[in-house]
Structures are given as structure tokens and as C-alpha cells.
Amino acid sequence: MDELVIARDLRQSFGTTEALRGVSFDLRAGERLALVGPAGAGKTSLAALLAGRLPPASGQLKILGMDARTHGRALRRLVGWVPARDTLDEELGALEGLRAFGRYHGLGRAETRQRAGELLTFVGLLDRARALPGELGAEGRRRLQLARALIQGPALLVLDEPTAGLEPAAQRFLWSRLAALRAQGLPTLLATSNPDEACLLGDRLLLLDHGRLVDEGSAAALVARHAGGEVIELRPLDGRPGADLEALLSGSVPPGARIERRDGALLCFSPAGEMFPPALLERAHLAGFAVTTRRAGLADALRALRGREART
Amino acid sequence: MSLLGALAILGRHLRVHRGRLGAALAADLATPAACLLGLALLVQAGAPAPRLAAGLLVAAAGLVGALEGSLGAHRRLRASAFSEGVLASPLGLPELVAAELAFAALRAGLAAGLLAAALAGLGWLEGLALLRALAFALLGGLAMGAWALLTTAWARGPEDLRAFLAGVALPCLALSGAWFSPDSLPALGQALLWLNPLFHASAGAGAIGAPGASGWPPLHLAALLVLGALPVWLGARALRRVLALSN
């Protein structure tokens, strides 16, 4: 089976809010897919469908060969889920909570005990095995949530904002664990609003906005399509209004370049594969502007998409 | 529904309560123990001990069932992420509800069992009469747990649970028919008694002295089953909606 997930025209509504408006995509074996988009894009709704927590209101969703509408229980046995909001059992210690969850999955006592110990080691919580989730802090809770999603040995892992709100070091630790799972061949589907996380953990990215699939591809391809190649950021040093610089730039930037105002600065995006001429940078510098040059990233692409959406 | 799954959730509840067993038993038995003292005074004054003892057993089980099905179940199903966590596993609402009812019945059974041992020790309730009273007390506790679970499903907050305990559970205990003769009630009151699960539990347990035509235990057993099953069905429907459940 090449396609682990086949989604066609998925729609989901909560009351009068349309969370998903006809999303279609595939997830292939061994692939890491990242759903990227701002808050309210529909990522969490889609993740809940993929985890077997909700049946789709309409459309077709096949996960691991099963219809998500009729095989919710069987799917939850095979899909590990790390929801955005902790759903840990606050009344059981880390180890006991993992064991209980293993029992919910129908694992035997010996197997559950062994798996729980291994997973606590994997997420670096073995020395906190007796601690209640409330005693673990935000980082520990997310680690425990990941361990819980793996207790049954899932065939697919769905993660919804697994590192949101964590310190960079804590994020890096969880990313390293997800990289280790990747090395073991576990396919993952990550929903995130963090562009760095999406680039790091997604082989292929789906850009969602307002419940629609806006674009998909590798991070590099999406950046090239929506943000360009190079970005120069120009910020007036002495509070001079940026409009002067805009006038300075007009006619000097390469064709197809995009200019955007953001937080008092002016950003120019060159078309993919093109660089700004050094003379332009020099002229801006001489005119009294702080000039920063960098490669365009996924955050720029997402911002460009949102801007385009707002204008249309 | 997966029986093993429901047992796994029940095992979890027991594990959580393992460390609090003493406190839980003390809380469950405090009121019946106080009633036991009152009962001793009544028996000394010539009141029929077996009847009142059976009524006390039913009341104790009903009270524990109502408390666990409301405050306990609400904490697990509505006020914490516990139910969300379970629903991320292959288990679903049927297992959650079954485990809640089983846990309420276990606690009610434990409280009633300890009280029954005390009553047997005092010689007020013995043999088959004791077993029958215990069985109906357990069913009464289960039915009250079911009503409480329905309240849990409907509750918008803890104040609704308090309203249930003060406005439904305690009147059910007081008006079970064990502490007065149901025949002394007006016709409307007698009709309303039939909606009270603890009336049927008391009647089945032999706690009602002059039951008239309503004294046939199988009839009360059937009424108890209906009054227990209906709120479970309604509560499961409400919980499915509240928890936005999948298949």
C-alpha cells in the first residue's frame, strides 16, 4: 500500500463555522507531511480527522486502507495522536498513566510495562516516572504526550502543534525525538504554525488557510513560488519615512520583485533564483538605511500568501 | 462495546482511589454510621429493626451512588482531560459510561457491604433477608448513579450537580418509603413514589412494612431496571453530543 492516507474533498463544520472546505491530499508510505497555516486554517480539525477522533462531515478519507467514517476505533488503534491540548491523565503518575493507556489499547500487562519503560527512556522521563503530569512542567507534559501516542506502536503518528509554547531547547529535544522516529521509518503527519518546525520535520508541506488547501510541495518549492529567492530588508536609521526609499527603489528592482511594508521596514523579495544587484544595496545604504540581506524562508511565503488572501 | 476496555478504565479508577481508600470509605460511611446510631435508639424504643436496617442499607448505597455518579463522574468526564485522553484510544463512550457505572456500583456495594456486616453483627438483618436487602441496595445505588450520570451529562457546571444532590438525591432518600408508610401519603404522593428508584429498592429490600399491592419484588426489580436504564441511555446521548464523539 503506497498511500497511507487518501483524502478527497474533506469538509468539516462546527456549528456555522466551516473548518475544512474541500481538502484533498495523499500521504505516501515513509513520508513526513506537514500541514502548515495560521491559527484558524483548519489544521487541528484535519489532524482530529486523521487521528480517527472525528468522522468527516463529507468527502472521502481512507487511512491505512480503512474508511475513517466507519472505522474510528480501529484507526485509533493504529494511529498515534499528539493533540495540541494536553489530554494527560492528571491523577496518574507518568509511568502509571502510560500503562493505563496501553491497557486501553488492549495491550497485555507485561507488554505494557515493557513499552512504558522504553518510551519513558525515549522521551527522557525515566527519572520522573512517578511524577504526576502537573509536576512535569510544559516540556515534560509534551514529552509524556508523545510517549503516550507511541504506546501501541502506531503505524502513523499525527502531531498537532507538538512544540507550541515551548522554549527553543525543549523544542529541539522533541524535534530530535521525532527525527529518531523518522529514522525508524514511522510516517508522521504534523500540523504546525511554526515554519521552522514544518521545514525541519516535513518532507512535503500542505499550506492551509481558511479551511482550504492553498498549495503543496517541498519547503524549497513553496518558498520559491510564494516568496522568491532573496530578501533585502531596509529600515530607516534616522526615522526617515520609508516612502523615500520606495521611490529610490522603484525602477531599480528586478522585474517580478515584490515589495512589502512590515513593522516600519521595507522588504523586497527577488524572484526565485535571482539576486538583487549590489549597486541597489549600496545606494540604499548610502541613503541612510540599515540593509539586511537573507534568503527567503517559509515564514515569508506564508506571510505573502496571507497578504494575497487578504487582498482578494 | 469492549468489556476488557471498560475493565481497563475501571482498573484505572481503582488505581487512582487506591491511595484514598480510607478517606473515601470514611466519607461514604459517615452518614450511614450516624444513622446507625439513630437506628439503635429507634430499635431500643421498639421500632422494627429489620425493616429500618434494610432501609438504611438502601439509603447508604443510594447516597454513594448519587455522589460518585455526580461529583466523581463530572470530575472525570467533564472537568478534566481524562475522557479526552481515553477517546484518543480505541475505546469510546460505551466503555467510559460502563466504567463509571461499575465504579459507582463498586463504591456503593463496598459501603453497603460494610454496613451490612455491622447490621448482621448487631443481629438486625440476617440470612436471606440480608442478602436480598444488599442486592436491592446495590441496584438502588446503581440507579441513583445512573440518574447522577445523566445530571453530569446535562450539567453546565458544579452548581447543577449541587442542585441534583439537594433537589433530587436527598428527597429520594428521604421519600424512599422506608421511614414512613407509603399508604399514609395522598394518592398523588403514592403515584410519585413510583418514580423514585429508592422506593423500589426499599420495597424490594423489605424495608417497607405495609406495601399493599406494590410489595411484589419482581415488579420493583423491573421498575428499578427501567428507572436505571433510561437515564443511562439519555446520559450517553447527551455525553456523545457534549464530547463531540466519533464512531
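Summary of values
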| read-out | value |
| --- | --- |
| Crossing angle, helix A:137-149 versus chain A [Cα axis fit, 0-90 degrees, rounded to tens] | 60 degrees |
| A:A169 paired with A:R85, simple spin-label distance in nm, labels 7 Å along Cα-to-beta-carbon | 3.1 nm |
| Relative contact order [Cα under 8 Å, 6+ residues apart], region A:117-172, whole percent | 32 percent |
| 0 to 90° range, to nearest 10: angle between helix A:109-122 axis and chain A longest Cα axis | 30 degrees |
| 20 Å-binned pair-distance histogram of the protein assembly as shown (Cα, whole percent) | 19, 38, 26, 13, 5, 0 |
| Listed residues A:T70, A:T163 arranged by accessible area, highest first, probe 1.4 Å | A:T70, A:T163 |
| Heavy-atom accessible area per residue - region A:1-142, 1.4 Å, Å² | 42 Å² |
| Inter-label distance for B:A117 and A:A279, nm, one decimal - labels placed 7 Å from Cα along Cα-to-Cβ | 9.9 nm |
| Relative contact order (percent, whole number), chain A, Cα cutoff 8 Å, 6+ residue spacing | 19 percent |
| Rel. contact order, % - alpha carbon contacts under 8 angstrom, at least six apart, chain B | 26 percent |
| Length added when fully stretched, B:L234-B:L7, from 0.36 nm per residue minus Cα-Cα | 79.5 nm |
| Using a Förster distance of 56 Å, the FRET efficiency for B:L192-A:E3 (Cβ separation, nearest 0.05) | 0.35 |
| Protein-only accessible surface order, largest first, of B:W194, B:W124, B:W154 at 1.4 Å | B:W154, B:W194, B:W124 |
| Angle in degrees between helix B:3-18 and the longest Cα principal axis of chain B, rounded to the nearest 10 | 70 degrees |
| Net charge over other residues, Cβ less than 12 angstrom from the Cβ of B:E68 (K, R count +1; D, E count -1) | +1 |
| Accessible surface buried once B binds A (1.4 Å probe; total of both sides; Å²) | 2300 Å² |
| Over region A:152-217 - Rg/Rh using Cα atoms and the Kirkwood inverse-distance radius | 0.97 |
| Per residue Cα convex hull volume in Å³ - calculated over region B:1-152 | 107 Å³ |
| Accessible area (Å², 1.4 Å probe, nearest 10) - A:F289 | 0 Å² |
| Antiparallel DSSP beta bridges within the protein assembly as shown, percent to nearest 5 | 70 percent |
| Packing-based ranking, highest mean first, of B:142-151, A:290-299, B:83-92 given that Cβ atoms within 10 Å are counted | B:142-151, B:83-92, A:290-299 |
| Region A:11-70, accessible surface, carbon-and-sulfur percent (1.4 angstrom probe) | 49 percent |
| Peptide A:78-90, shielding by other chains (average Cβ, 10 Å cutoff) | 3 |
| Accessible heavy-atom area order of A:T188, A:T17, highest first, probe of 1.4 Å | A:T17, A:T188 |
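The values are calculated or read from the model by the stated rules, or taken from the named source; none is laboratory data. Source: prediction; values computed, not measured. Counting neighbours? That spans all protein chains shown, and the Cβs are built from the backbone with ideal geometry, glycine included. Please note that ligands, DNA and RNA were not included when accessible areas were found on the heavy atoms of the full protein model with its side chains. Shrake-Rupley method; radii C 1.70, N 1.55, O 1.52, S 1.80 Å.
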